[in-house]
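Only one structure is covered here, and it is reproduced in the block below.
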There are 2 protein chains.
Amino acid sequence: MFMNYNAGQGELKNWIVEETAFDSAFQGKCEVVMSQGNGYMGARSATEEKYVGQVRNLFVAGTYNKFDADEVTELPNSADMSAIEIFIDGRRFHLETGEVSNYSRRLNVKNGELIREFTWTNNEGKSFEMRFRRFFSQANLHLMAFDVQVKALNSDAKIEIRSGVDAQLSNSGAQHFHEGEKRIYDKRFIELLQHTTESKVDFVFLTSHRYLVDGQETEIDPGLQMDRRKVWLNINYDLKAGETFGTEKVGVVHTSRDKQFDVEGYELQALRDHALTNLKTNADRSFDELLEESAAEWDKRWAGMNITIGGSDFDQLAIRFAQYQLNIFTPMHDSRFGIGAKGLSGEGYKGHSFWDTEVFMLPFFIYTMPEVARSLLEYRFKTLDGARKKAKDNGYIGAQFPWESALTGEEVTPVWGAVDIITGKSTKIWSGFIEQHITCDITYALWQYYQITGDQKFMDDMGYEIMFDTATFWTSRLEWLEDRNMWGICNVIGPDEYKEHIDNNAFTNYMAVENIKLAIRYFEDLETSNPELLAKLSDKLNLVEAREMWLERVDNIYLPQPRAEDKVIPQDDTYLQKEIIDLTKYKEQPFVGGLFQDYNLEQVNDMQVSKQADIMVLFLQQEDKFDLETKLANWNYYEPKTLHDSSLSLSTHSVLASDVGNPELSYDLFQQAASIDIGQNMKSSDHGIHAASIGGMWQCVVYGFGGVRMLGGNLRINPNLPKEWDSLNFPIYWKGERLEVTVDQEQVRIERPEFSGQALNIEVAGEPRVIDSTEVTFNV
Amino acid sequence: MFMNYNAGQGELKNWIVEETAFDSAFQGKCEVVMSQGNGYMGARSATEEKYVGQVRNLFVAGTYNKFDADEVTELPNSADMSAIEIFIDGRRFHLETGEVSNYSRRLNVKNGELIREFTWTNNEGKSFEMRFRRFFSQANLHLMAFDVQVKALNSDAKIEIRSGVDAQLSNSGAQHFHEGEKRIYDKRFIELLQHTTESKVDFVFLTSHRYLVDGQETEIDPGLQMDRRKVWLNINYDLKAGETFGTEKVGVVHTSRDKQFDVEGYELQALRDHALTNLKTNADRSFDELLEESAAEWDKRWAGMNITIGGSDFDQLAIRFAQYQLNIFTPMHDSRFGIGAKGLSGEGYKGHSFWDTEVFMLPFFIYTMPEVARSLLEYRFKTLDGARKKAKDNGYIGAQFPWESALTGEEVTPVWGAVDIITGKSTKIWSGFIEQHITCDITYALWQYYQITGDQKFMDDMGYEIMFDTATFWTSRLEWLEDRNMWGICNVIGPDEYKEHIDNNAFTNYMAVENIKLAIRYFEDLETSNPELLAKLSDKLNLVEAREMWLERVDNIYLPQPRAEDKVIPQDDTYLQKEIIDLTKYKEQPFVGGLFQDYNLEQVNDMQVSKQADIMVLFLQQEDKFDLETKLANWNYYEPKTLHDSSLSLSTHSVLASDVGNPELSYDLFQQAASIDIGQNMKSSDHGIHAASIGGMWQCVVYGFGGVRMLGGNLRINPNLPKEWDSLNFPIYWKGERLEVTVDQEQVRIERPEFSGQALNIEVAGEPRVIDSTEVTFNV
């Protein structure tokens, strides 16, 4: 048990994720769960000193680059300022030599600070108290700061600290950067430039140090060093027994992708000057002062989103951890960028945005930070041209969003994946070609956003355009099913990615129909509410013709129905006819993907085995379209065949379990979902945070246990509190107004702190209610 | 003391370089001094398991690639097959955990085998005897082999070995390769392709494994794994106490730079087929069988070059070590390639050829492996077009060889170097622009080759052309010195690279004059001996005009003369007027370049401080042009001002010390030169082997102590045996005939094992002698 989720005391109770021992075999865990960032940039929290197996990453949102013509664009792993190597009496300090005691590494999710401290005794018997701190500023998105303190406990020692900027890193060997200029100004301000090879983004890294002896600032004349793609200082100090030597390091990162520089007439020198000014402004400020400034921003965030869970410390920490992560990896500052499937905490999925954003993460933002939700949807709007190109390239019309999206909305899913154990070749990844449901997922999500926020301006400026053009895509995408005498959607991958080249995936078909229906409905709406806008959009999107096609086809699209005998909805045309195999072995494995040690994807395609929720996600999205009996029947059929090999699966099943009235199962699945990243499994997070699962955790709490849902434009709050919890309190924003919902085993309390006198009609605990005061309480 | 040079016993006495303890802080030492190769390829001997600070390198001669337009071409660090990770009961094995005993790593320079063995006890108390062996084949230049054995001493253990091909490596961050296809054939033959980005060289890596339990081959069904730029097997075995599990790995590397594939109509598939055939032919052969085949080739090499030193075991090992290195890093198989300044053992100097080849390494080959010397000179001939382009680009005529040379002979010296501590910027490297003496060094070396081997065909085909066109370059390079009313050579860097932009560097001027004189002399020779060839060359090189210029200028070129008062020859026009500073501090430092922690190059340029031998190299090259008194006077003046910050300096001074009759000083300097790589300094070899110093070691022995020199076309053998040695025996080839020279404190014996009846007139021990039998002995 390396992880302790119970370390926070007093004010910090349930705010601290702690590692209680260091083992280089398990570095990935804390690199990821303790990752830091501010949406502008994010980094794995690799230790200052180096170990084999460590993955050092710093990603700046939106700075995609393509290494090679036949590769896809990805977030490049840029230069590292967090490596701070300590040499004691000439020997490199690391924890795999000597003796370590009182070890603790703690991430404070309240203020974003990471602290690592321990006592270390080297092989010569010299003992040192060491403390490492760092944070990424929420107040100055370009800034990170580090503090390293070494106290000599029992003897004098020569300390050397090597610290600077290292740009020798790559994305698993793919080097995205030209080597840029290196410079040390005034023996203090270290500058290193990087330039991406294809997208031509300039990066400026700058760092400076302050030195302290027993807390008093002191002067050091460091040795200056440069190597290929690397510039650093050798900081030497003769430490006396009892003395503490501290090095505080401030680093700033600015790029030409930054909004103010991503303009006509941009000049690198202006970016450099701007960055140097930012560094110089902060270089003489203490770590604590800078941290305080950032923590104040965090306090504002928490005031807006704080969830209180009574009765379970771990669950309280888990939901805070999830919200911490959602805050650090989401590029809230810039609507040109989406959220990466691994946030900013790993190379996995290349920093690309998937349906993970709209289906798993967006609900948190819609209900809690609607302006961020809008920014994320605006990102999709800004990539419409890419989506149109994709549709056109595939012979369709309208807008077809890419399965994986980067800066432009063009398809960036890689084509080759893991080994096929039968052929010995790389497996072809088909998602970029035929996993198409993302297009309706986005429209469905923006409609949710619209309904929940009432943001008409967004719809006028962007929402309708996405909705109409995706509907057009879907109608053009339909194929005539001769046997059924209906329209269908053939040759797709649904949410369950173990089934490729299937016809009429239930999820895809239902969601596509919904997409078209929404377009039809809002076209009609606009005819009366805003004919001018409609005329403009009609011109641009050729809506007269498009609408004819929507209307002509929408009611004759095949939607797989529950089988008469058992209410099971066929996931696709062939799933239910495939071989059923014993999955016990794979269900019991503590790791995912074990199936592919025995079968290749072609073989798996022919079995009734699912990677993840598929029909279940449909139930979650369109909760009111299916009755309880159907939901249960399908749960009982599909769940045993589901390996949950995707981290998106557990939270979906948890919410569904709440929906079907099984809060205990729901709670168990919630805890499993939470444990993907903050459990005791030290290997599960290696490749990066499970961003969708993190978003799913919020859904488990607010959608599942809180029972919140927007259905048909109306708010519903039907709580299903698990017995382990005494109470649950969470804020949601409904039509721009903050509501505080407090649930316990008996009651639901709705507070309207901003109550203006207007009554609110919502469903609470199964009944329509009128909330017409600052606080109303109902029995559950 | 980690290094033991006394480990060889019996037949292996003085053939073994041993490391007696492992410390990850000192990995560079054995990676380099125990590096392996066969001239086709070479690798640092990084351990199979990984440690921080390790540098894994595999270079294939001649496969240069340019990462970026504004960088220079370099040998790319290609894929690694030597990483073989062992997991015991799920934990990664490495020596920084648990207890190690009986550790020994030994390079056998006789057969090229590297063995590492030890007993390791993990933290659970399980003990294992481990042995790792590897070699690069001299019999099959594309092949390397590994053998890993793990014996469980006191308990059962689950063993997992991860082994395959890893192409995530780069040159300190510069990635020279596109990601290529990965493939596992028949669950056994692992293939990985790489393609250089600019030079378009295809690499094919293939590897296969054999598994043995207690020496008996066994079958294993490995897990197949692929990641980005990486493909490997997970090999699992449940080891019983007392049992030994062995994995033998054979790897082959083929590239489209290989002579047979570097042709019109080349197809990658043919290369892949050829490589796979090579692997399959050897995949079922045992490590021992493959090693034996390679060792047999080594035996032939040693028979041709063996030097025997009586009286000092270390010196005996040292010279063998030097010869081992000269054999593994020289691309003897292909005259399109030169020798890198770090051989094939590091990224340092980018695999480029410098004057190091001709002035420091070529003598060994001329006297011992004349066919290899010819190949190396042919390399220069093949780069003449690049040299002509360089001359032309600089406004000269003829051929100006580049300071750093890769495949084409165009200048490839990088332009930016280490930090300038005053400006904080990278220091500009001027060598590629103005360090020009390499052009006369090459001509002087080929003349030596011609005189010593009598290889007239080489001269006809290549030698004269180089000689004439370089002479033409020099005459066009001359500048008129108004003050002296003579020609001079201004704005150069001489061998002493701490002096930039100097005029009339003595070494450069003397050698350039010699170059022109040789051209004049051999032009005259050809007029009578081969007028046809001369006519052909005249046409091609415009020799009529050129010769007029040679003749007109050669006798009026300024050659710095010994000062009347003290016989000191000015190294250049201004050196002797510069400030003299106290160098004690820097002379005492155990590392090079310390001066630049206090001064920048501009400041150093204004002091009488030298990096390395300058006038001394002139004395070594043109020994007969200067009298003893002059040599001594200059030694006494310059040596105290020389920091020997280049590894080329010590061996030069050692030979010079012999030449001026100070064998004790010479011996001391020889040992210092040897210690650069095989001393006890564990950091000095980190960046790669000191190839020139290695060549210089042979010169210390044969030129210095053996007293061998070709002077004016005649052989001279004036031994100066140090008192520490009882005897010295070495072979040299003179005009194609092998001579065996044996020296002791009293006598010199010359053997002519191939004596054909023709008398040989040479100077031995200060007198002209006639060798007219198979063996003649003279008193020293």
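The values are calculated or read from the model by the stated rules, or taken from the named source; none is laboratory data. Fair warning: this is a prediction, and the values are worked out from it, not measured in the lab. A quick note on method: Cβ atoms are made from the backbone with ideal geometry, for glycine too, and the neighbour counts reach across all protein chains shown.
Tabulated data
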{"item": "Single residue of region B:386-410 satisfying the filter (closer than 17 Å to B:His352 by Cα and of a type in the set (D, E, K, R)) that is surrounded by the fewest Cβ atoms within 10 Å (Cβ to Cβ)", "result": "B:Glu410"}
{"item": "Matching residues in region A:216-267 - criterion: being within 29 Å of B:Asp598 (Cα to Cα), outside any strand (DSSP E or B) and touching a Leu at 6+ places or on another chain (Cβ under 6 Å)", "result": "A:Pro222"}
{"item": "Residue that is under 26 Å from the mean Cα position of the chain (by Cα) and of a type in the set (Lys, Arg), where the choices are A:Arg133, A:Arg162, A:Arg92, A:Arg188", "result": "A:Arg133"}
{"item": "Search result, residues across region A:263-290 that are out of contact with any Ser or Thr (no Cβ under 8 Å at 6 or more places or on another chain), aliphatic (A, V, I, L, M) and closer than 20 Å to A:Arg134 by Cβ", "result": "A:Ala275"}
{"item": "From the options B:Ala296, B:Ala303, residue that is in contact (Cβ under 8 Å) with a residue 12 or more places away in the chain, surrounded by fewer than 21 Cβ atoms within 10 Å (Cβ to Cβ) and under 28 Å from the mean Cα position of the chain (by Cα)", "result": "B:Ala296"}
{"item": "Number of positions in region B:88-106 that are within 14 Å of chain A (Cβ to nearest Cβ), surrounded by 17 or more Cβ atoms within 10 Å (Cβ to Cβ), in contact (Cβ under 8 Å) with a residue 60 or more places away in the chain and not acidic (Asp, Glu)", "result": "2"}
{"item": "Odd one out for A:Phe381 among (1) within 26 Å of A:Ser45 (Cα to Cα); (2) surrounded by fewer than 24 Cβ atoms within 10 Å (Cβ to Cβ)", "result": "(1)"}
{"item": "Number of positions in region B:13-37 that are more than 14 Å from every other protein chain (Cβ to nearest Cβ) and part of a loop (DSSP other than H, G, I, E, B)", "result": "6"}
{"item": "Test: residue in region B:4-12 that is within 30 Å of B:Arg336 (Cα to Cα) and part of a loop (DSSP other than H, G, I, E, B)", "result": "no"}
{"item": "Test: residue in region B:216-225 that is surrounded by fewer than 19 Cβ atoms within 10 Å (Cβ to Cβ), within 14 Å of chain A (Cβ to nearest Cβ) and within 30 Å of B:Asp334 (Cβ to Cβ)", "result": "no"}
{"item": "Cross-chain or 6+ apart pairs with Cβ under 8 Å, region A:230-253 first and away from chain B (no Cβ under 14 Å) and at positive phi, then modelled with pLDDT of 95 or more and surrounded by fewer than 24 Cβ atoms within 10 Å (Cβ to Cβ)", "result": "A:Gly242/A:Lys151; A:Gly242/A:Ala152; A:Gly242/A:Leu153"}
{"item": "Residue within region B:101-117 that is within 30 Å of B:Ile307 (Cβ to Cβ) and over 27 Å from the mean Cα position of the chain (by Cα) present", "result": "yes"}
{"item": "Filter result (under 15 Å from A:Asp555 (Cβ atoms) and touching a residue at least 60 places away in the same chain (Cβ under 8 Å)) within region A:486-518", "result": "A:Met486, A:Trp487, A:Gly488, A:Tyr510, A:Ala512, A:Glu514, A:Asn515, A:Leu518"}
{"item": "Out of B:Ser170, B:Ser208, B:Ser199, sole residue that is in contact with an Asp or Glu (Cβ under 9 Å, 6 or more places away or on another chain), modelled with pLDDT of 95 or more and surrounded by fewer than 24 Cβ atoms within 10 Å (Cβ to Cβ)", "result": "B:Ser208"}
{"item": "Region B:303-321, residues that are under 20 Å from B:Cys30 (Cα atoms) and not acidic (Asp, Glu)", "result": "B:Phe314, B:Gln316, B:Leu317, B:Ala318, B:Ile319, B:Arg320, B:Phe321"}
{"item": "Pairs where the first residue, in region B:38-59, is within 13 Å of another protein chain (Cβ to nearest Cβ) and the second is hydroxyl-bearing (Ser, Thr, Tyr), C-beta under 6 Å, 6+ apart", "result": "B:Tyr51/B:Ser24; B:Gly53/B:Ser24"}
{"item": "Listing of strands (runs of 3 or more DSSP E) fully contained in region B:147-214 that carry 3 or more residues being within 8 Å of chain A (Cβ to nearest Cβ)", "result": "B:177-185"}
{"item": "Output for region B:52-88, where each listed residue is hydrophobic (A, V, I, L, M, F, W, C), in a loop (DSSP other than H, G, I, E, B) and either in contact with a Phe, Trp or Tyr (Cβ under 7 Å, 6 or more places away or on another chain) or under 24 Å from B:Glu181 (Cβ atoms) (or both)", "result": "B:Val52, B:Ala61, B:Phe67, B:Leu75, B:Ala79, B:Met81, B:Ala83"}
{"item": "Helices (runs of 4 or more DSSP H) wholly inside region B:610-674 containing at least 3 residues that are surrounded by fewer than 22 Cβ atoms within 10 Å (Cβ to Cβ)", "result": "B:628-638"}
{"item": "Test: A:Glu514 is in contact with a strand residue (DSSP E or B) (Cβ under 9 Å, 6 or more places away or on another chain) and under 26 Å from A:Ser647 (Cβ atoms)", "result": "no"}
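Residue-by-condition table, conditions (1) touching a Gly at 6+ places or on another chain (Cβ under 9 Å); (2) away from chain A (no Cβ under 14 Å); (3) closer than 30 Å to B:Ile732 by Cα:
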| position | (1), (2), (3) |
| --- | --- |
| B:Glu378 | no, yes, yes |
| B:Lys382 | yes, yes, yes |
| B:Lys390 | yes, yes, no |
| B:Ile397 | no, yes, no |
| B:Gln400 | no, yes, no |
| B:Ser405 | yes, yes, yes |
| B:Asp420 | no, no, no |
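Yes/no per residue for (1) within 21 Å of A:Gln225 (Cβ to Cβ); (2) away from every other protein chain (no Cβ under 14 Å); (3) out of contact with any Leu (no Cβ under 8 Å at 6 or more places or on another chain); (4) surrounded by 23 or more Cβ atoms within 10 Å (Cβ to Cβ):
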site: B:Val412; (1), (2), (3), (4): no, yes, yes, yes
site: B:Ser426; (1), (2), (3), (4): yes, no, yes, no
site: B:Ile434; (1), (2), (3), (4): no, yes, yes, no
site: B:Cys440; (1), (2), (3), (4): no, yes, yes, yes
site: B:Gly454; (1), (2), (3), (4): no, yes, yes, no
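Conditions (1) acidic (Asp, Glu); (2) farther than 17 Å from A:Ala691 by Cβ, marked per residue:
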| site | (1), (2) |
| --- | --- |
| A:Lys13 | no, yes |
| A:Glu19 | yes, yes |
| A:Cys30 | no, yes |
| A:Asn38 | no, no |
| A:Glu49 | yes, yes |
| A:Gln54 | no, yes |
| A:Leu58 | no, yes |
| A:Ala69 | no, yes |
| A:Pro76 | no, yes |
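Residues checked against (1) basic (Lys, Arg); (2) in contact with a His (Cβ under 7 Å, 6 or more places away or on another chain):
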| residue | (1), (2) |
| --- | --- |
| B:Met130 | no, no |
| B:Gln149 | no, no |
| B:Asn154 | no, no |
| B:Gln168 | no, no |
| B:Phe189 | no, no |
| B:Ser199 | no, no |
| B:Val204 | no, yes |
| B:Arg210 | yes, no |
